[in-house]
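Enquirer: Below is the structure I would like to discuss, written out as structure tokens.
The values are calculated or read from the model by the stated rules, or taken from the named source; none is laboratory data. Since the structure is predicted, the reported quantities are computational estimates derived from the model, not experimental observations. Glycine also receives a Cβ, built like all others from the backbone with ideal geometry; neighbour counts cover every protein chain displayed. Keep in mind that these areas ignore ligands, DNA and RNA; they rest on the heavy atoms of the full protein, side chains included. Shrake-Rupley method; radii C 1.70, N 1.55, O 1.52, S 1.80 Å.
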Amino acid sequence: MKIQNKKRHSKLRIIILVTTIVVASLFGLFYLYKNNKIPFLEQSSHDTNNSSIDYGPASQDQIKSGNAIKQDSSNTEDKNNVQNSSTDNNATKNITISILSTTQNNANLHIATSIDRITSDGSCIMTMTQPGSNTVSQTVKVQPMASYSTCQGFDIAISGFSGQWNINIIYKNGDLTGNISKSITVN
Amino acid sequence: MNKNKYILTTLSIILGLLIQNVSLTLNVSAIQVQGWDAGYIIADGIFTDNRSMNVAQIQAFLDSKVPVCDNWGTNGSTPTSRRDYVLSKGYALPMTCLKEYTENGLTAAQIIYDVSQQYQINPQVLIVLLQKEQGLVTDDWPTEQQYRSATGYGCPDTAPCDSQYYGLTNQINWSAHMFRAILNNSPTWWSPYVLGNNNIQWSPNASCGSSVVNIQNRSTQALYDYTPYQPNQSALNAGYGTGDSCSAYGNRNFYLYFTGWFGSTRGDYCLSSLNDTSTGIDFKKIQKSSPDAGEFMIYSGSSTSCVEFHTWSQGLANWQNHTASNSSNINLTDSSIQYADLNGDGKDEAILIGLKGTASGKIEFHIWNDDLRSWKDHYISNAATIDPTVSQVSFADLDGDGKDEGILTSLTSSVSGSGNIEMHVWNQGFGSWKDHYISNAATIDPTVSQVSFADLDGDGKDEGILIALASTVSGSGNIEMHIWNPGFGSWRTHYITNQLAKSVPIPPQL
């Protein structure tokens with residue numbers, strides 16, 4: 001019994017010793033890390049006091065975000081390919097067109113659009129109407145951008161245009177068509 | 001036994017708490033996006049700095065981000081999970097990481113560098129683009145699809161990518177081409193967004209709404225043309241993480257990765273290295289009825305390649321703000337920066353003055369907006385460019401109307417042949433002359449004397465002051481100030497200061 005007790009005590013001492021060393025080491029490592037004293041383990045957040053390039057390994061956040069970007073891109077491509085192959089090619093295809101921005105700068109109204117295809121084909125017809133008043137119409141070409149296409153316009157002189165207006169924009173390219181309307185107030 | 005258990009349990013709790021504390025501290029540092037400015041994502045000077053990295057530096061950077069490439073896809077959750085996924089997609093093995101990828105015999109680093117030089121785009125911008133669109137920089141098992149659409153060019157949200165844009169070189173090339181077109185305000189490349197106010201949506205889902213963003217420079221305009229959404233608060237609160245259903249991440253991730261890897265996108269913190277810079281100090285009135293603020297200016301040699309303004313708070317002991325302007329470095333022999341209240345609103349405008357070598361061949365005045373990042377006005381004057389060692393341009397309110405007038409002062413040789421110092425005062429807009437004055441003082445050597453303007457008597461009108469710095473008129477040996485009467489034809493007062501003339505180095509004109 002005594003011998004067994006001695007063995008237990010020595011085991012316990014070893015456990016306590018190892019745990020103490022581990023705890024002390026962790027405290028030490030933590031202190032060095034927080035004070036940037038570990039040359040091989042630089043903190044990933046860039047020091048904004050200088051503009052040097054960060055040649056350290058990517059942080060876990062950066063890797064995780066990169067993985068999410070990769071996953072999202074892959075999923076989008078898969079989804080779009082499936083949708084595209086299942087579309088009836090003989091039917092009229094609807095294209096999503098959006099008004100990204102309507103901006104009044106000085107005497108001009110600038111309308112930014114996005115067409116959810118990459119194309120320079122077709123045209124955009126914009127009609128701006130005010131009930132009981134004039135109608136303004138413009139037709140412009142289409143320009144491909146990085147991840148969408150845009151109607152190459154519209155900049156409309158708005159002198160004397162104050163009040164509520166309805167904007168309608170139609171994208172048309174053969175049997176591909178898209179349509180968007182929006183109501184705006186011109187100051 | 002109970003005692004032993006108690007000791008072990010206590011040690012376990014301490015260890016557990018310690019590990020949790022370390023982990024919490026590390027996580028906290030990653031939360032939230034700091035310094036995001038939707039209207040000014042990156043300075044033009046940084047966006048177009050094509051000298052920021054050479055090929056070897058780009059290669060070293062790519063190497064550092066993926067130390068070991070998982071070419072055979074064995075490092076997933078199981079030894080075959082990545083490999084199975086890749087093969088199920090119909091992609092080939094082995095996979096190639098960006099650091100070792102080649103196309104047409106060129107490494108990715110070389111391709112990035114070559115395109116950056118061709119379009120004068122910062123290679124760091126292109127590196128970040130590869131990361132924000134496909135995660136290629138940090139990915140240790142990238143697929144063919146990621147290289148095919150490496151910068152997301154030609155890939156709409158709801159339709160398949162356009163194959164005419166496929167390939168790493170092609171992708172980077174098209175992206176840089178588009179950026180350059182927007183930066184140049186190319187008439188053949190229509191930009192959906194414009195400088196100034198724009199409504200920018202939070203996400204492709206229009207029902208999520210939008211807010212007005214004042215786009216302040218071409219680089220920010222180019223980024224929104226590329227990715228037409230801004231991050232909402234939820235996306236910004238999430239750091240690199242996920243926000244809510246109305247969050248878009250493209251421009252946030254561009255900002256986060258750029259600042260994380262290459263430093264400030266606006267160069268707001270570059271005072272740590274001021275070697276080989278041209279600098280100056282001036283004072284400006286920021287608000288009516290408030291003390292003038294001291295401003296430390298870096299004309300050239302700044303890390304941002306832009307003229308920088310660093311404003312002291314009152315007491316001059318701390319910084320109030322730092323601004324990298326929209327103007328690239330200037331040469332002080334050709335240009336100067338001054339402050340003047342041109343519109344009489346009680347606040348000084350910063351003015352970049354082109355004295356010599358201007359495109360128009362005339363003296364030019366470029367007035368900054370308050371933010372120093374965009375221009376309020378540009379004026380081409382009626383006066384031909386000057387030699388700054390012969391003449392000077394100053395601002396003073398000579399007539400006391402609350403607005404400063406521009407004054408061209410002939411110092412070493414007179415325009416009319418009078419042999420005296422002459423003052424030629426511009427009308428507002430600098431297109432015509434308001435007054436011409438031939439002073440009573442002979443022309444001077446600007447290394448010995450200088451002409452300045454200030455309201456010394458507090459009557460609301462600035463007086464002209466001839467300052468004898470290095471050689472005195474009266475023989476006193478001290479710096480002397482000779483104050484002109486209005487019209488510069490006679491002296492009002494003469495002062496001999498308490499400062500020895502010889503010990504004073506003549507400061508460069510601001």
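Enquirer: Counting pairwise Cα distances across region B:427-497, what percent come out greater than 15 angstrom? Could the numbers behind the result be given before it?
Expert: Numbers: 1453 of 2485 pairs.
Roughly 58 percent, rounded to a whole number.
Enquirer: For the pair A and B, how large is the buried accessible area, both sides, in square angstrom to the nearest 100, if the probe is 1.4 Å? Before the final figure, lay out the partial values.
Expert: Values: alone 13860 and 24520 Å², together 32610 Å².
The A and B chains share an interface burying roughly 5800 Å².
Enquirer: Can you give the charge dipole size of region A:93-186 about its Cα centre, rounded to the nearest 20 debye, using +1 on the beta carbon of Lys and Arg and -1 on the beta carbon of Asp and Glu? Show your work: numbers first, answer last.
Expert: Numbers: 5 positive and 4 negative charges, 14 e Å.
Charge dipole of region A:93-186: 60 debye, to the nearest 20.
Enquirer: Here's another thing I want to ask about it. Among B:H378, B:H310, B:H177, B:H366, what's the order by accessible area (1.4 angstrom probe), most exposed first? Write down the numbers at each step before the final one.
Expert: Details: B:H378 110, B:H310 0, B:H177 70, B:H366 35 Å².
Most to least solvent-accessible, the answer reads B:H378, B:H177, B:H366, B:H310.
Enquirer: Just by accessible area at a 1.4 angstrom probe, what is the order of A:L109, B:L183 from largest to smallest? Write down the numbers at each step before the final one.
Expert: Details: A:L109 0, B:L183 25 Å².
From most exposed to least exposed: B:L183, A:L109.
Enquirer: Let me ask something else. Going highest first, how would you order B:69-80, B:98-109, A:54-65 by mean Cβ packing within 10 Å? Mind showing how you got there, number by number?
Expert: Numbers: B:69-80: 14.6, B:98-109: 17.9, A:54-65: 19.5.
Output ranking for B:69-80, B:98-109, A:54-65: A:54-65, B:98-109, B:69-80.
Enquirer: Where the accessible area of region A:93-186 is counted over protein heavy atoms with a 1.4 Å probe, how much of it, in %, is carbon and sulfur? Show your work: numbers first, answer last.
Expert: Details: 1750 of 3940 Å².
Ligands and nucleic acids excluded, carbon and sulfur reach 44 percent.
Enquirer: For region B:57-200, just say rounded, prolate or oblate: build the C-alpha gyration tensor, square-root its eigenvalues into a ≥ b ≥ c, call rounded for a/c under 1.5, and beyond that prolate if a/b exceeds b/c, oblate if not.
Expert: Prolate is the answer for region B:57-200, as a/c is 1.5 or above and a/b outweighs b/c.
Enquirer: For region A:108-157, rounded, prolate or oblate, judged on the Cα gyration tensor with a ≥ b ≥ c (square roots of eigenvalues), a/c < 1.5 rounded, else prolate if a/b > b/c?
Expert: Values: a/c = 2.86, a/b = 2.33, b/c = 1.23.
It comes out prolate by the Cα gyration axes.
Enquirer: Considering the convex hull of the alpha carbon atoms of region A:93-186, report its projected area averaged over all viewing directions, in nm², one decimal. Each step should come with its number before you reach the end.
Expert: Working: hull surface 23.2 nm².
Computing the convex hull of the Cα atoms and averaging its projections yields 5.8 nm².
Enquirer: Over region B:356-430, consider all pairs of different Cα atoms and compute the Kirkwood hydrodynamic radius from their mean reciprocal separation; express it in Å, one decimal. Each step should come with its number before you reach the end.
Expert: Details: mean 1/r = 0.0735 Å⁻¹.
Here the Kirkwood hydrodynamic radius works out to 13.6 Å.
Enquirer: If you don't mind, there's one more thing I want to ask. May I have the pair-distance distribution P(r) for region B:122-163, computed from all Cα-Cα distances with 10 Å bins from 0 and rounded to whole percent?
Expert: Percent of pairs per bin, in order: 30, 51, 19, 0.
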